[in-house]
Amino acid sequence: MEQTLVILKPSCVERGLIGDVISRIQNKGITIIGMKMMQLNEQILREHYSHLVEKPFFPGLCASMMATPVVCMVLKGIDVVEVFRTMTGSTNGRKAAPGTLRGDFCMSGQANIVHASDSVESAKVEIARFFRPDEIFDYTPDNLAFLYADDEL
Ligand code: IDP
Ligand code: MG
């Protein structure tokens, strides 16, 4: 099964939306196999957002990601990278579809409450960036036979 990295950003933490996002994840039938709070710093953000370092908004993005601790999670499920990106919605909360996390919970293109890995390859790199192997608990939930059909497993 795939794994993906999720970060509940300071805009999620500060607005008291941690529980709402976790509920959406659990209601969907996605398994949380790693979860911790972290205080991000510029070094890890320059790696995590390396594709944005040259953008004029990068200093503001960094500041917004360091404003409070964040909650980092590793999620597991079949096709979970794509499934959770779809649940996350477009980058700008004002344009994200209703029913998505960003579409339902935010109004900003920057303070957009969640980060989600965008491919299986980047998920592997991002999980290794934010989690030590012993912080991931790759267990199999008891209700797996009710989350998926036999021929999907
Ligand atoms: P994503 O989070 O939807 O994958 P990316 O393009 O990878 O979007 O950008 C990473 C993060 O950088 C976004 O979630 C958002 O917080 C911030 N960001 C992206 N584009 C802008 C912008 O034009 N202005 C301000 N912040 C931006
Ligand atoms: Mg991205």
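Read-outs: derived from the displayed coordinates by stated rules, not from any lab. Fair warning: this is a prediction, and the values are worked out from it, not measured in the lab. Using ideal geometry, Cβ is built from the backbone for each residue, glycine included, and neighbour counts are taken over all protein chains shown.
Test of understanding: extend the Cα→C-beta vector of GLU135 to 7 Å, then name every residue of segment 25-66 with backbone N under 12 Å from that spot.
Within reach of a label on GLU135: 34-41.
Which of rounded, prolate, oblate describes the chain, given a ≥ b ≥ c as roots of the alpha-carbon gyration tensor eigenvalues and a/c under 1.5 marking rounded, otherwise prolate only if a/b is larger than b/c? Each step should come with its number before you reach the end.
Values: a/c = 1.84, a/b = 1.44, b/c = 1.27.
Prolate shape, in that a/c is at least 1.5 and a/b is the bigger ratio.
Tell me the label-point distance for the pair ASN41, LYS55, using the 7 Å Cα-to-Cβ offset, in nm and rounded to one decimal.
Here the answer is 2.4 nm between the modelled labels.
Using a cut-off of 15 Å between beta-carbons, work out the net charge of the residues near TYR49 (Lys and Arg +1, Asp and Glu -1, TYR49 not included). Intermediate results must be reported in sequence, preceding the final value.
Working: positive: LYS9, ARG46, LYS55, ARG129; negative: GLU42, GLU47, GLU54, ASP118, GLU126.
Charge balance near TYR49 sits at -1.
Cα centroid distance between segment 1-27 and segment 101-153, in Å?
9
Please compute, over every Cα-Cα pair in segment 1-86, the percentage with a separation greater than 16 angstrom.
Working: 2074 of 3655 pairs.
Roughly 57 percent, once rounded to a whole number.
Report the local net charge at THR68: Lys and Arg +1, Asp and Glu -1, summed over other residues whose C-beta lies under 14 Å from its C-beta.
Numbers: positive: LYS9, ARG15; negative: GLU14.
Charge balance near THR68 sits at +1.
Using Cα-only point scatterers and the Debye equation, what is log10 of I(q)/I(0) for segment 103-153 at each q in 0.31 Å⁻¹, rounded to two decimals?
-1.05
With angles folded into 0 to 90 degrees, how steeply does helix 18-28 sit against the dominant principal axis of the chain? Use alpha carbons for both and round to 10.
On a 0 to 90 degree scale, this one is about 30.
Assign unit charges at the C-beta atoms only (+1 for Lys and Arg, -1 for Asp and Glu), then state the dipole size of the chain relative to its Cα centre in Debye, rounded to the nearest 20. Don't skip to the answer; put the middle values down first.
Details: 15 positive and 19 negative charges, 152 e Å.
Charge dipole of the chain: 740 debye, to the nearest 20.
Find how much the distance from GLU14 to LEU144 grows on full extension, using 0.36 nm per residue of separation minus their present alpha carbon separation; answer in nm with one decimal.
On the way: separation 130, 0.36 × 130 = 46.80 nm, distance 3.35 nm.
Length difference between fully extended and current span is 43.5 nm.
Mean separation of Cα pairs under 8 Å and 6+ residues apart, divided by the residue count of segment 1-148: what relative contact order is that in percent? Write out the running numbers ahead of the final one.
Working: 229 pairs, mean separation 52.6, N = 148.
Taking the mean separation of contacting Cα pairs over the length of segment 1-148, I get 36 percent.
Kindly provide the helix-only [θ] at 222 nm of the chain, computed as the sum of -39,500 (n - 2.57) over DSSP H runs of four or more divided by all residues, to the nearest 500 deg cm²/dmol?
Numbers: 8 runs with 60 residues, N = 153.
Using -39500 (n - 2.57) per qualifying helix, the result is -10000 deg cm²/dmol.
Wrap a convex hull around the Cα atoms of segment 37-88, take a quarter of its surface area, and give that in square nanometres.
Details: hull surface 17.7 nm².
Projected area, direction-averaged: 4.4 nm².
At 0.36 nm per residue, and after removing the present C-alpha to C-alpha distance, how many nm does the segment from LYS95 to THR68 gain when stretched out fully?
On the way: separation 27, 0.36 × 27 = 9.72 nm, distance 2.53 nm.
Using 0.36 nm per residue and subtracting the Cα-Cα distance, I get 7.2 nm.
Would you work out which of TYR139, THR31, ALA96 lies farthest towards the positive end of the dipole of segment 19-153? Charges go on Cβ: Lys and Arg +1, Asp and Glu -1.
ALA96
I'd like the orientation of helix 120-130 relative to the chain: the angle between its Cα long axis and the longest Cα principal axis, in ° from 0 to 90, rounded to 10.
70
Could you list TYR139, TYR49 so that the one with the fewest beta carbons within 10 Å of its beta carbon is first and the one with the most is last? Could you put the intermediate results ahead of the total?
On the way: TYR139 9, TYR49 15.
In order of increasing Cβ crowding within 10 Å: TYR139, TYR49.
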